[in-house]
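Only one structure is covered here, and it is reproduced in the block below.
The values are calculated or read from the model by the stated rules, or taken from the named source; none is laboratory data. Quantities reported herein were computed from a predicted structural model and do not represent experimental measurements. Quick reminder, even Gly has a Cβ in these numbers, built from the backbone with ideal geometry, and neighbours come from all protein chains shown. With ligands, DNA and RNA removed, areas are computed over all heavy atoms of the protein, side chains included. Shrake-Rupley method; radii C 1.70, N 1.55, O 1.52, S 1.80 Å.
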Amino acid sequence: MTAAQCCYSFTAAIVRAPSHSVVHGLRAADHGNPDYHELLKQHDAYRDALRSAGLETTVLPPLEDYPDSIFVEDVALVFSQGAILLRPGAATRQGESEQIKATLNELFATVLTIPPPGRVDGGDVLVLPEAVVIGLSGRTDRTGAAALADCLAAFGLRSEIARTPPGGLHFKSECSLVDEETVLVTRRLASLTAFAKMRRLVVPEGEEPAANVLRINHLLLASAGYPRTLDLLDQHGSTVVPLETSEIEKIDAGLTCMSLRWYR
Ligand code: CIR
């Protein structure tokens, strides 16, 4: 498998439809509840973008008991080699893993798991061409990161441990892959050793939530609300698909969180 296949050359995706309870999703600061109908519209546009990028998408049913369950990225990692079922760090999200297990078992020949007591959220895991970076955070602990490193090694993937900046929810809230040689990062992550060999596009001050973009095949999905970052990506030569993210941002989420992608 080439680096691009591992990082952004995908053919399949899993998403989960938003539940009505999504408006009560976890958040660090209260900026008001998301509007359910607007969020549904934004989620539909996201699903359309995945299809435009060429992904065959499995849509899982909503889970009313789990407000944050549309953020499937946090409960599993998926690769051509197989899947890894994670143990999310937030108490209210721990049952979500069990809810996606059967789907992973249907779609993947191999499903590895993070054993208790380790905790890992997929939002803390960035797949780069040379290594998978695991960011320790309030959700991902050292025990979980060590168990994840073993799972990744079983799939032939090298990993590195980094640290999610203080106060940040997830590592990927502040960085994401633009292409094989380039990452988009907030200023405070720009000098991270894991990015030393890569070109770094630094998100303009005041647009930090824009750091979470999603590269899929020839397209780069980016948040529509951040014009200076969109310009930066455009100047870089990316084919950008701007998507509205106002409602999921109220519950601390970005574009990568709403899907699992892999090359089947
Ligand atoms: C949470 O706090 O878990 C959700 N409200 C947001 C999760 C966003 N997921 C992600 O960035 N990978």
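Please work out the Cα center distance from region 35-87 to region 233-248, rounded to the nearest Å.
18 Å
Determine the alpha carbon to alpha carbon distance for each of Lys172/Lys197; Lys197/Lys250; Lys101/Lys197 and list only those over 28 Å.
Beyond 28 Å between Cα atoms: Lys197/Lys250; Lys101/Lys197.
So, in nm, how far is label Leu26 from label Ser52 when the simple model puts each one 7 Å beyond its Cα toward the Cβ?
3.2 nm
Taking a temperature of 20 °C and a viscosity of 1.002 mPa s, what whole-number D in µm²/s does Stokes-Einstein yield for the chain with Rh from Kirkwood over alpha carbon pairs?
Answer from the Stokes-Einstein relation: 118 µm²/s.
Over the heavy atoms of Val183, what accessible area does a 1.4 Å probe trace out, to the nearest 10 Å²?
Using a 1.4 Å probe on the heavy atoms, I get roughly 0 Å².
Once Lys and Arg get +1 and Asp and Glu get -1 on their Cβ, which of Ser80, Ala224, Val240 lies farthest toward the positive end of the dipole of the chain?
Positive-end residue among those listed: Ser80.
Give the accessible surface of region 5-262 per residue, rounded to a whole number of Å², with probe radius 1.4 Å and ligands, DNA and RNA excluded.
In whole numbers, region 5-262 has 41 Å² accessible per residue.
Run the numbers for Glu244 and Ala102: contour at 0.36 nm per residue of separation, minus the present Cα-Cα distance, in nm.
Length difference between fully extended and current span is 48.0 nm.
List the trypsin sites (Lys or Arg not before Pro) within region 128-176 that fall in a DSSP loop (any state other than H, G, I, E or B) and whose Cβ has at most 12 other Cβ atoms within 10 Å.
Filter output for region 128-176: Arg158.
From the helices alone, meaning DSSP H stretches of at least four residues, give me the mean residue ellipticity at 222 nm for the chain, per-run term -39500 (n - 2.57), in deg cm²/dmol to the nearest 500.
Mean residue ellipticity at 222 nm (helix-derived): -7000 deg cm²/dmol.
In region 188-240, carbon and sulfur make up what percent of the accessible area (probe 1.4 Å)?
Exposed carbon and sulfur together represent 49 percent of the surface.
Rounded to the nearest 20 Debye, what is the dipole magnitude of the chain about its Cα centre when Lys and Arg each give +1 and Asp and Glu each give -1 at the C-beta?
The calculation lands at about 660 debye.
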